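The values are calculated or read from the model by the stated rules, or taken from the named source; none is laboratory data. Not measured: the values here are computed from a predicted model. FYI the Cβ positions are ideal-geometry reconstructions off the backbone, even for glycines, and counts take in every protein chain you see. Heavy atoms of the whole protein, side chains included, go into the accessibility calculation; ligands, DNA and RNA do not. Shrake-Rupley method; radii C 1.70, N 1.55, O 1.52, S 1.80 Å.
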Amino acid sequence: MNENKNIIIGCDHAGYEYKCRLITRLELLGYSVTDVGTYSSESCDYPIPVHALCKKIQNGEFNRGILICGTGIGVSIAANKHKGIRAAVCSDDFSAEMTRKHNDANVLCMGARVLEFTKVCELTDIFLKTEALDEDRHLRRLRMISELEDGTFDDKKYE
Ligand code: RB5
């Protein structure tokens with residue numbers, strides 16, 4: 001169980017309505033939610049809220065984030081450019097569970113033009129309640145991802 005009830009959330013214009021509804025629901029469930037924008041359904045450039053959210057995960061203020069855009073894809077691509085961010089676009093329950101268990105994903109990305117709001121709520125619940133598996137093979141793969149980020153991934157070592 002994720003005991004940390006502080007989470008951070010962001011969106012672009014396409015995700016704005018769902019984000020507002022999700023914040024209301026999460027607060028009713030006892031979460032403290034920090035919103036990095038965007039703050040209206042006026043067209044915006046999603047890398048801006050994505051960067052604001054990722055910085056606050058990178059500096060340790062938050063350990064889980066949620067991003068919503070039209071498809072979930074743009075925000076995930078932008079988020080994954082940040083060191084230490086493992087952002088996963090999910091549309092189904094199994095992926096939301098496995099990306100926590102196997103990938104230790106720290107950002108859940110969803111598409112407001114893809115999913116019903118009830119599915120967004122279900123995926124969020126699964127993502128927030130599922131812990132990463134403390135198993136060697138997953139930890140090893142996460143270390144390799146860090147090496148890819150750092151440029152220290154040594155092909156020869158893994159041949
Ligand atoms: C905005 O129109 C849309 O491109 C954006 O929300 C997102 O789906 C990008 O991946």
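Quick grid of which residues meet (1) within 15 Å of the ligand (Cβ to nearest atom); (2) touching a residue at least 24 places away in the same chain (Cβ under 8 Å):
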{"site": "ASN4", "(1), (2)": "no, yes"}
{"site": "ASP12", "(1), (2)": "yes, yes"}
{"site": "ARG25", "(1), (2)": "no, yes"}
{"site": "ILE48", "(1), (2)": "yes, no"}
{"site": "GLY70", "(1), (2)": "yes, yes"}
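Are there any helices (runs of 4 or more DSSP H) wholly within segment 1-111 with 2 or more residues that are in contact with a Ser or Thr (Cβ under 9 Å, 6 or more places away or on another chain) and either open to solvent by 60 Å² or more (accessible area, probe 1.4 Å) or within 27 Å of LEU148 (Cα to Cα) (or both), and if so which?
Working: elements: 16-28, 47-58, 73-79, 93-101.
Ranges flagged: 16-28, 47-58, 93-101.
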Considering only residues that are more than 16 Å from the ligand (Cβ to nearest atom) and open to solvent by 40 Å² or more (accessible area, probe 1.4 Å), which ones fall in segment 112-136? GLU116, THR118, LYS119, GLU122, ASP125, LYS129, GLU131, LEU133, ASP134, GLU135, ASP136
Spot the failing condition for SER41; the list is (1) farther than 25 Å from THR130 by Cβ; (2) within 10 Å of the ligand (Cβ to nearest atom), and only one is missed. (2)
May I ask you to list pairs of residues, at least six apart or on different chains, whose Cβ atoms are under 6 Å apart, with the first in segment 140-159 being without any contact (Cβ under 8 Å) to a residue 40 or more places away in the chain and the second being surrounded by 13 or more Cβ atoms within 10 Å (Cβ to Cβ) and in a helix (DSSP H, G or I)? PHE153/GLU147
